[in-house]
Structures are given as structure tokens and as C-alpha cells.
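Taking it in order: structure first as C-alpha cells, then the write-up.
The values are calculated or read from the model by the stated rules, or taken from the named source; none is laboratory data. Remember, it's a predicted structure, so these values are computed and weren't measured experimentally. Cβ atoms come from the backbone with ideal geometry, glycine included; neighbour counts cover every protein chain shown. The protein model used for the area step is the full one, side chains on, heavy atoms only, and it has no ligands, DNA or RNA in it. Shrake-Rupley method; radii C 1.70, N 1.55, O 1.52, S 1.80 Å.
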Amino acid sequence: MTSETLAVSRTAALARLKSHHDKHKWSLRELFAGDPQRFERFSAEAAGLFLDYSKNHLRDDTLRLLLDYTDQIDLSAQIAGLLSGAAVNNTEHRPALHTALRFQGEPRTEHEQAVADCRNQMRQFAEKIHSGGWRSFSGEPIRHIVNIGIGGSDLGPRMVVEALRPWQRPDISVHFVANIDGADLTDTLAGLRAEDTLFIVASKSFSTLETLQNALSARQWVLDAGCREDQLARHFVAVSSNIVAAQDFGIAAENIFPMWNWVGGRYSLWSAIGLPIVLACGFETYEQLLAGAHAMDEHFATADFADNLPVLLALIHFWYRQCWNASSQAVLPYAQRLAKFPAWLQQLDMESLGKGVDRDGHHLQYPSGSVIWGTEGSNGQHSFHQLLHQGTDLIPADFIAVREPTSALKEQHQWLLACCISQSQALLRGKSLQEARQELEQQGYTHREAHALAPHKVVPGNRPSNTLIMERLDPFNLGALLALYEHKVFVGGCLLGINPFDQWGVELGKLLGAQIHAAIGGEAPQDWDGSTRNLLERLL
Ligand code: F6P
């Protein structure tokens, strides 16, 4: 299909969806009242995850139209292209083969062979650290690992290590430093000793400002503790595709773990960027994480779109984004250990889908990516849920619940799940004016008072959500969850007709940051705007 034909059928399919939206007004309460089997019909399950998507403004005909849209854009071919290593990242002429990072069994391709070799390198390195065979400059075994990286070289491993706390080894602590703000590094190092600390410099490009600055400061910290230059290799390893730059920094060639240009930063936790996971939780745990992601890959590759979890999630959000004017989406994991999940998803989704032109460089005539935000439940209930319930915007929410308790406090777990279910129920049901008045009168308010107060208590309801259930928060299920969202984002990119694998938008800020840094202490160029020049003078 040529890009012109694709654009024409996309426009026509979008118009059909919009007209469906304009013609049909229904309430979620009505949809449930009219269909006792709605929950069964609008739910799906795969790779240890159960998705209830019944609390959405979807009917069979809506779903049909959305699925028709996938035919119009030949989604099957696009998925096949991704999985087979086609250059889906068309602006950088690269494939996006993060699925090859979690292959199972014997390697079958060149990419898988490279991954297998890298896994071996990671396993052997972890064995050396865990056995105490790796010694610091002072001859001590390593007890602390500090991962220095940012964006995709930080968020994934940071989130997974925290999520898998019960799998963490007691003899190693893993820390993460990302921010250029020196407080991040100094606060992290405050309780540590260089004598038993090893740094991973994680940077695909090995040119990222924040990571290089933090790595240089860490290097000095180790030298200040008495390490000689020629012993630094015992304290620094790197994960990078830029071997030369890593070696120039002083990292020994054998301590550089490879990255490849066919793996995007935000899809890289499955590569050696996941080294902190291996060191914190052991290689077997990391393998289970990969296995869970692989199970989701298999599901994504083979399931009918009507039962395909990533496709369904992407279609549902596309529906709200294009036809319901939903410009943001909340992600609400009801699990303390998934607290960093929203931050990880933010980079994945917003860096991928925050684009203004299609794959051919034409301006989009429809909205692209939306704002992803959220926090761990139930904390959010006492901050921003008010806006979800009574604010004027429609904000679809993804709830994530874990069935098995994640602590010994079983009663609290029951409360946690009750909170989670009650939130999606409240979003759906709401409270009408009449219900609010009645409630107030029953509470003893006069008729007049009840009438005055009731509008403030109205909750519009009819607000959509998905609920994902994970049987247990374990490495396999976590792997499946993360792969689910990776594929959802890819499908989102296909639906929008954009390239979800580049991120040119972040480059301008980097360039200007360097120019502003260079202007410190001197005269700011006259052609800079007045605000920038004055801020420079005031701050620097
Ligand atoms: O600036 C954005 C970005 O390129 C992300 O895509 C990436 O995950 C992050 O910076 C870190 O990049 P690197 O791993 O090359 O240091």
C-alpha cells in the first residue's frame, strides 16, 4: 500500500469513527444494564494478564469500526514488519528489534546470537560480583552498584528493581543516579564507600550530558578515596554502543557491554541496560522477566486483534483520543512496588507518540500522543482523583491490580483492591443530582440546604477505564506487563501513521543547553529573546 492510499483510507476510516461517535450517545450504566454478559464479552487474557475493558464506551459496532481501521492501515503487515526486523524506524533507517532481546531457546538469527553472547557476558560478570571474585582497588568485594544513566538507560531497570524487591539479593544494593543536579549523585554516594562500590555507566550513545557529567564526578570520587588511575577499571563498567567513547572514558574493553542501534533507548531494559536487574535480583530472575515479555510477544504476534491485548488497549485509547478529545491518560498501578511504572510508561509513550508529522513528514491533521501520568494507588485518591471524578475533562484511566498480596498484611491488601475497584466503579457510576439531593436530605439537611449543596456533590460518572489484573507481581508477569505496553505504543504509532522510534524533538533543547552553558560569564547574543538573556544573567 502506498503512503498516499494509506493516508486516504486512514482519513475515511477516521471519518466513519467520528460519525459513529456523533450519532450514538450511550451511557456506561446503560451498556451494563442492557448486557448481563458485558464483562465476559469485553475482557481478554494472555501471558498471565487479564484485561477488563468493559467499562469503556464501546459497543460491538464500535469495536467493529476500530478493527476495520486496523484493516485499512494493514496493521498485520506492520506488526510483521516490526517482528521480522524491517526498518520500521524509517527516519533513522533502522529496525526496532527489542523483541529479539527476549528470544527464548537457541539463537536463530544474527541478532539473537549477539543477544545470547551478551547474556553470557552479563551472567559471567554477575557471577564474579556475587561470588566476591571481583575485587575493588582496596581488595574488597563489591556491595554497592550505582547505575548512572538517564531516560531509557535508567527508568526501566530502576522500575524493575523496585518492583521485584522480594527477589533482591541481600548482599548487594543497587542505586540509580540520573539527574544532572549534583544532589542526585552526592545524596546517593553519601552513605557509600568507594572501596566496595562499582559504577555502571549506562548510555547507548555515551554522549549524554547528564550521564557523562555524573560519571566524571563519580570517577573523581573513587580517585579521591585512594584508587589509582590504573585501578579504575575495577570500579567502572559501561553499557553502550559507542565503544570508542566508553574506552576513552577509561573503561576496559572487556567491561563494556554492547548495545545495538536496532534497540531504542526506551525499549532497552531487556538488553545489558538491564544489568542492574541481574546484579540486584540474579540472572534467573532476569530470564523470567524476559520469558514473560516473550510470552506477550507471542500473543501479540498471533492472537486475533479482537482478543489481542496490546491492540485492544491501543484501539481503545485511539478512540478516546480521536473522537472524545481525551488529551491525557492516567495510569494507576494499585501496587506500591509499581510506583515507578508511570514514569517508565511516560517516556515510552510520550517520547514515541509525541510527534507532529506522519512517517512521510506531512503535518498530522489529527491529534497524536497524549499526556501519560499517574501514581501508585491509593495515594492518587488523595490528590488528583478529584479531577478524574469531577473535573471537566474526560481522562481514561488504566488501573493495574495484583491479586496476590505483596506483603504479609493481607487485610490491607484487601483494602487496597477494594480501593482500586471502587475507583473504576465511581468513575462509571457517578452520582446524579437527584441522588445527591436525596442523600443530603437523608443526612438531615433541610430541603433548601440540600438543593444548594447537591450540585457540588454531583459526580458525572460515565468515565471510562480499563482494569488489568496480574495474578502475582513476579518477574514473568512483570515482563509481560511491560511488553504489553511496548506493543500498545507501537500499535498506537501505526494507528497514527507516525514513526514511534525516533525522538528528534529532544535534540533542540540539548543544543541550546550547550550554547547557554557556553555563554555563562560572557555576553549573551543580542538576537536571543529578552527572557532567556535575563534569566541567564540572574541565574548564572
Ligand atoms: O534524550 C532522549 C534520549 O535519547 C532517550 O531516548 C534515551 O533513552 C536517553 O536520552 C538516554 O540516552 P543514552 O542511553 O544514549 O544516554
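Name the helices (runs of 4 or more DSSP H) wholly inside the range 475-540 in which the number of residues that are touching a residue at least 12 places away in the same chain (Cβ under 8 Å) and within 16 Å of the ligand (Cβ to nearest atom) is 3 or more. First the steps, then the outcome.
On the way: elements: 475-496, 505-519, 530-539.
Of the helices (runs of 4 or more DSSP H) lying wholly inside the range 475-540, those with at least 3 residues that are touching a residue at least 12 places away in the same chain (Cβ under 8 Å) and within 16 Å of the ligand (Cβ to nearest atom) span 475-496, 505-519.
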Residues satisfying the stated conditions in the range 189-221, i.e. more than 23 Å from the chain's Cα centre (by Cα) and of a type in the set (D, E, K, R)
193, 195, 196, 219
Tell me, which residue of the range 233-250 that is touching a residue at least 40 places away in the same chain (Cβ under 8 Å) and part of a strand (DSSP E or B) is surrounded by the fewest Cβ atoms within 10 Å (Cβ to Cβ)?
237
Restrict the check to the range 477-489 and report whether at least one residue is under 21 Å from residue 344 (Cα atoms), of a type outside the set (A, V, I, L, M), modelled with pLDDT of 95 or more and touching a Ser or Thr at 6+ places or on another chain (Cβ under 8 Å).
no
Find the helices (runs of 4 or more DSSP H) located wholly in the range 306-397 whose residues include 3 or more that are in contact (Cβ under 8 Å) with a residue 40 or more places away in the chain, on the phi > 0 side of the Ramachandran plot and more than 16 Å from the ligand (Cβ to nearest atom), and list them.
none
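Rundown of residues vs (1) farther than 22 Å from residue 150 by Cα; (2) surrounded by fewer than 16 Cβ atoms within 10 Å (Cβ to Cβ); (3) modelled with pLDDT of 95 or more, yes/no style:
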site: 493; (1), (2), (3): yes, no, yes
site: 496; (1), (2), (3): yes, no, yes
site: 501; (1), (2), (3): no, no, yes
site: 510; (1), (2), (3): no, yes, no
site: 526; (1), (2), (3): yes, yes, no
Suppose we filter 335, 253, 291 for residues that are over 26 Å from residue 3 (Cα atoms), aliphatic (A, V, I, L, M) and open to solvent by less than 10 Å² (accessible area, probe 1.4 Å); which single one remains?
335
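If I filter the range 203-232 down to residues being of a type in the set (Gly, Ala, Ser) and either open to solvent by 30 Å² or more (accessible area, probe 1.4 Å) or more than 16 Å from residue 144 (Cα to Cα) (or both), which single residue comes out as farthest from the ligand (Cβ to nearest atom)?
The initial filter retains those residues of the range 203-232 that are of a type in the set (Gly, Ala, Ser), namely 203, 205, 207, 215, 217-218, 225-226.
If we keep only those that are either open to solvent by 30 Å² or more (accessible area, probe 1.4 Å) or more than 16 Å from residue 144 (Cα to Cα) (or both) too, we end up with 203, 205, 207, 217, 225-226.
On the way: 203: 3, 205: 3, 207: 7, 217: 16, 225: 26, 226: 29 Å.
The residue in question is 226.
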For residues that are surrounded by fewer than 20 Cβ atoms within 10 Å (Cβ to Cβ) and part of a strand (DSSP E or B), tally how many sit in the range 427-468.
2
Residue 347 - would you say it is open to solvent by 20 Å² or more (accessible area, probe 1.4 Å), over 15 Å from the mean Cα position of the chain (by Cα) and within 30 Å of residue 142 (Cβ to Cβ)?
no
With the checklist (1) within 16 Å of the ligand (Cβ to nearest atom); (2) touching a helix residue (DSSP H, G or I) at 6+ places or on another chain (Cβ under 6 Å); (3) part of a loop (DSSP other than H, G, I, E, B); (4) not hydrophobic (A, V, I, L, M, F, W, C) in hand, flag the one item residue 147 doesn't pass.
(3)
Name the single residue that is nearest to residue 79 (Cα to Cα) among those in the range 306-328 being within 18 Å of the chain's Cα centre (by Cα) and open to solvent by 20 Å² or more (accessible area, probe 1.4 Å).
317
I'd like the full set of residues that are open to solvent by 10 Å² or more (accessible area, probe 1.4 Å) and closer than 19 Å to residue 190 by Cα, limited to the range 141-157.
143, 144
For residues that are free of Cβ contacts under 8 Å to residues at least 24 places away in the same chain and not in a loop (DSSP other than H, G, I, E, B), scanning just the range 398-420, find the one that is surrounded by the most Cβ atoms within 10 Å (Cβ to Cβ).
413
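Do you know which residues across the range 158-195 are within 16 Å of the ligand (Cβ to nearest atom), more than 22 Å from residue 290 (Cα to Cα) and either open to solvent by less than 30 Å² (accessible area, probe 1.4 Å) or modelled with pLDDT under 95 (or both)? Working first, answer last.
Narrowing the range 158-195 to residues within 16 Å of the ligand (Cβ to nearest atom): 158-160, 176-180, 184-185.
Add one more test, that the residue is more than 22 Å from residue 290 (Cα to Cα), and what stays is 177-180, 184-185.
Selection gives 177, 178, 185.
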Would you say residue 471 is in contact with a Gly (Cβ under 8 Å, 6 or more places away or on another chain), among the acidic types (Asp, Glu), farther than 16 Å from residue 55 by Cα and modelled with pLDDT of 95 or more?
yes
Every residue from the range 256-280 that is assigned to a helix (DSSP H, G or I), open to solvent by 10 Å² or more (accessible area, probe 1.4 Å) and touching a Lys or Arg at 6+ places or on another chain (Cβ under 9 Å)
265
Listed by first then second residue, the pairs whose first member lies in the range 205-228 and is within 14 Å of residue 246 (Cα to Cα), whose partner is assigned to a helix (DSSP H, G or I) and within 12 Å of the ligand (Cβ to nearest atom), with beta carbons under 6 Å and at least 6 positions apart or on separate chains, are 206/245; 206/246
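I'd like to know if the range 108-130 contains one or more residues that are part of a loop (DSSP other than H, G, I, E, B) and in contact (Cβ under 8 Å) with a residue 40 or more places away in the chain.
From the range 108-130, those part of a loop (DSSP other than H, G, I, E, B) are 108-109; that's our starting set.
Now restrict to residues that are in contact (Cβ under 8 Å) with a residue 40 or more places away in the chain: none.
Taking every residue of the range 108-130 in turn, none turns out to be part of a loop (DSSP other than H, G, I, E, B) and in contact (Cβ under 8 Å) with a residue 40 or more places away in the chain.
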Under 9 Å between Cβ atoms, which residue pairs at least 6 apart in sequence (or on different chains) link something in the range 24-49 that is outside any loop (DSSP other than H, G, I, E, B) with a partner that is acidic (Asp, Glu) and open to solvent by 60 Å² or more (accessible area, probe 1.4 Å)?
41/60; 44/307; 45/307; 46/298; 46/307; 49/471
